[in-house]
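The values are calculated or read from the model by the stated rules, or taken from the named source; none is laboratory data. Just so it is clear, the structure is predicted and the values come from calculations on it, not from any experiment. Note: ideal-geometry Cβ built from the backbone for every residue, glycine included; neighbour counts use all protein chains shown.
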Amino acid sequence: MNNCFKGTGVAVVTPFHKDGSIDFDAFKNVIHHTISNHVDYIVVLGTTGESVVLSKDEKNAIIHFAAEIIDKRVPLVAGVGGNCTNEVVNNFAYFCFDIVHALLSVTPYYNKPHQKGLFAHYKTIAERSPLPVILYNVPDRTGVNMTAETTLKLAHNFDNIIGIKEASKDMEQCAMIVRNKPENFLVISGDDLLTLPLIAMGGDGAISVTANAYPKEFSHMVRHALEHDFLKARALFHKLTLFMTAIFMDGNPAGIKAALNQLDIIQNYLRLPSVPVSRKTYSAIKKAMEVLE
């Protein structure tokens, strides 16, 4: 199972119509676009998918729809996290996870638990989860960093915790996890710009935002790096750098939705409190995309 999640996962956007309803036709286009361009698995209901502004019924509909469109071509990962541990585990009974291959669970946000609290949170999830669990550490969004020590303690104590999407931007922390992890535990980049150096130190790939728009280029970069062909990987990395920087200027997923809109794959709508990027940023993204043409 762990090998299924080496390489490039894409944290897909959730497209919307102007009235705020989910645009399932555009969602299908995003999935086909990414899979046909060699990503290794799909992640729904993550940060990029605006999961925090979706209802439970909408989340269930997205899981079912994604599984149907993917049609077993690649594995499917679903985001299920939150700042209430009981709510997270109660969701295991609500959502239809028999069509999902693994769960991505973000650290609790807003309540800023200590490391003991983070360990207890994930211990409860691991003991109740019907599927393998990928931890997700993203302190810029949650307000709390899960230390390498806590990650490693979880990795060594629970076989069904199979990896971490690490987005702390702390390469020393990443190095400690890679060095001391169990053999089959995956260390996955949660920051597109740090994917190449993380793989170089022994990481296993990325769950990418960029790959929504440029799945072929990003997944080839990752594949070359995993095969230790860093000349080819580095060339693709430098080609993508301007774009990877531009799409985060006004936050995620506003930037990647602007790019997908320019590619005529989705409409440029988000749910409040997120709003589209500024004209200045839209122009910067467009300019960065010209480099990739």
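Residues in region 1-29 that are outside any helix (DSSP H, G or I), touching a residue at least 40 places away in the same chain (Cβ under 8 Å) and surrounded by fewer than 24 Cβ atoms within 10 Å (Cβ to Cβ): Met1, Lys6, Gly7, Phe16, His17, Lys18, Gly20, Ile22, Asp23.
Condition check ((1) surrounded by fewer than 16 Cβ atoms within 10 Å (Cβ to Cβ); (2) not basic (Lys, Arg)) across all residues:
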{"site": "Ala254", "(1), (2)": "no, yes"}
{"site": "Gln267", "(1), (2)": "yes, yes"}
{"site": "Arg271", "(1), (2)": "yes, no"}
{"site": "Ser274", "(1), (2)": "no, yes"}
{"site": "Tyr282", "(1), (2)": "no, yes"}
{"site": "Ala288", "(1), (2)": "no, yes"}
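Residues of region 186-212 that are in contact (Cβ under 8 Å) with a residue 60 or more places away in the chain and either of a type outside the set (S, T, N, Q) or surrounded by fewer than 24 Cβ atoms within 10 Å (Cβ to Cβ) (or both): Leu186, Ile188, Asp204, Gly205, Ala206, Ile207, Val209, Ala211. Only one of the numbered conditions (1) touching a strand residue (DSSP E or B) at 6+ places or on another chain (Cβ under 8 Å); (2) assigned to a loop (DSSP other than H, G, I, E, B) is not met by Lys112, and that is (1). When region 89-128 is limited to residues that are in contact with a Gly (Cβ under 6 Å, 6 or more places away or on another chain) and at pLDDT 95 or above, the one that is surrounded by the most Cβ atoms within 10 Å (Cβ to Cβ) turns out to be Leu104. The lone criterion from (1) within 17 Å of Leu131 (Cα to Cα); (2) of a type in the set (A, V, I, L, M, F, W, C); (3) surrounded by fewer than 22 Cβ atoms within 10 Å (Cβ to Cβ) left unmet by Ile164 is number (3). Within region 30-70, being surrounded by fewer than 22 Cβ atoms within 10 Å (Cβ to Cβ), out of contact with any Leu (no Cβ under 7 Å at 6 or more places or on another chain) and of a type in the set (Gly, Ala, Ser) holds for Ser36, Ser55, Ala61. Residues in region 239-254 include none that are part of a helix (DSSP H, G or I) and in contact (Cβ under 8 Å) with a residue 60 or more places away in the chain. For region 133-151, the set of residues classified as within 20 Å of the chain's Cα centre (by Cα), under 17 Å from Gly163 (Cβ atoms) and surrounded by fewer than 21 Cβ atoms within 10 Å (Cβ to Cβ) consists of Thr147 only.
Selection within region 274-287: residues that are over 22 Å from the mean Cα position of the chain (by Cα) and not in a loop (DSSP other than H, G, I, E, B). The member of this set that is farthest from Lys18 (Cα to Cα) is Lys287. Among the numbered conditions (1) part of a helix (DSSP H, G or I); (2) within 20 Å of Ile207 (Cα to Cα); (3) of a type in the set (A, V, I, L, M, F, W, C), the only one that Ala126 does not meet is (2). Looking at region 71-83 only, could you name the residues that are over 21 Å from Pro273 (Cα atoms) and either exposed (fewer than 13 other Cβ atoms within 10 Å of the Cβ) or among the aliphatic types (A, V, I, L, M) (or both)? If the condition is that a residue be over 21 Å from Pro273 (Cα atoms) and either exposed (fewer than 13 other Cβ atoms within 10 Å of the Cβ) or among the aliphatic types (A, V, I, L, M) (or both), then Asp71, Lys72, Val74, Leu76, Val77, Ala78 are the ones that fit. Among the residues of region 30-46, the one identified as in a strand (DSSP E or B) and over 22 Å from Arg271 (Cβ atoms) is Tyr41. Going by the conditions given, is Asn86 free of Cβ contacts under 8 Å to residues at least 12 places away in the same chain, among the polar types (S, T, N, Q) and out of contact with any strand residue (DSSP E or B) (no Cβ under 7 Å at 6 or more places or on another chain)? Yes.
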